[in-house]
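K.L.:
One structure, as structure tokens, below. Some questions next.
The values are calculated or read from the model by the stated rules, or taken from the named source; none is laboratory data. Keep in mind that what you see is a predicted model, and the values were worked out from it rather than measured. Neighbour counts are summed over all protein chains in view; Cβ atoms, including those assigned to glycine, are modelled from backbone coordinates with ideal geometry.
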Amino acid sequence: MVLARNRIEQWNHERCNLRNGKAREYKNPGRPNAKSNTNRFDAALVRCIDFEREFSKLTGDQQTILLLAYREHQPHRVIAQIARCSERTISNRIPQALAALAAILDRANLL
């Protein structure tokens, strides 16, 4: 579940960077440097698209809860008001949604 939460945060960061015209340059030890004509935005864009495709396989409630919790950083109280349920229900649904996302991302080899 921690990997799924980290993947949501990575997706959010890369998505914001792409909107602002920025992209991270990943450098792996032992790998040759990227060619000067390589478009560094392509890799980040593909990662975002892949994540969003797999994320869309969650139910609407799970998507909403995860986006509010990890993208918008809303407290459980606010999420509970939006979802029209108790805070305790939200505190139970978040780990369930993360587990479902982790299973989906693991099947797609995106974790």
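K.L.:
Restricting attention to the range 76-90, report how many residues are loosely packed, with under 15 Cβ neighbours inside 10 Å and touching a residue at least 12 places away in the same chain (Cβ under 8 Å).
P.N.:
The total comes to 1.
K.L.:
Mind listing whichever residues of the range 1-59 are of a type in the set (Gly, Ala, Ser), closer than 17 Å to LEU110 by Cβ and at pLDDT below 90? Walk me through it before giving the result.
P.N.:
Looking only at the range 1-59, we keep the residues that are of a type in the set (Gly, Ala, Ser), and these are 4, 21, 23, 30, 34, 36, 43-44, 56.
When the remaining residues are screened for being closer than 17 Å to LEU110 by Cβ, the result is 4, 43-44, 56.
If the condition is that a residue be of a type in the set (Gly, Ala, Ser), closer than 17 Å to LEU110 by Cβ and at pLDDT below 90, then ALA43, ALA44 are the ones that fit.
K.L.:
Mind checking whether some residue in the range 68-75 is free of Cβ contacts under 8 Å to residues at least 40 places away in the same chain, over 30 Å from GLY21 (Cβ atoms) and among the polar types (S, T, N, Q)?
P.N.:
First, the residues of the range 68-75 that are free of Cβ contacts under 8 Å to residues at least 40 places away in the same chain: 68-69, 72-75.
Remaining after also requiring over 30 Å from GLY21 (Cβ atoms): 75.
Okay, now just the ones that are also among the polar types (S, T, N, Q), so none.
Within the range 68-75, none of the residues are free of Cβ contacts under 8 Å to residues at least 40 places away in the same chain, over 30 Å from GLY21 (Cβ atoms) and among the polar types (S, T, N, Q).
K.L.:
Also: Being outside any loop (DSSP other than H, G, I, E, B) and among the hydroxyl-bearing types (Ser, Thr, Tyr) is the filter here; which residues of the range 68-111 pass it? Before the answer, list the steps.
P.N.:
Within the range 68-111, the subset outside any loop (DSSP other than H, G, I, E, B) is 68-71, 76-83, 87-107.
Residues satisfying the conditions are TYR70, THR89, SER91.
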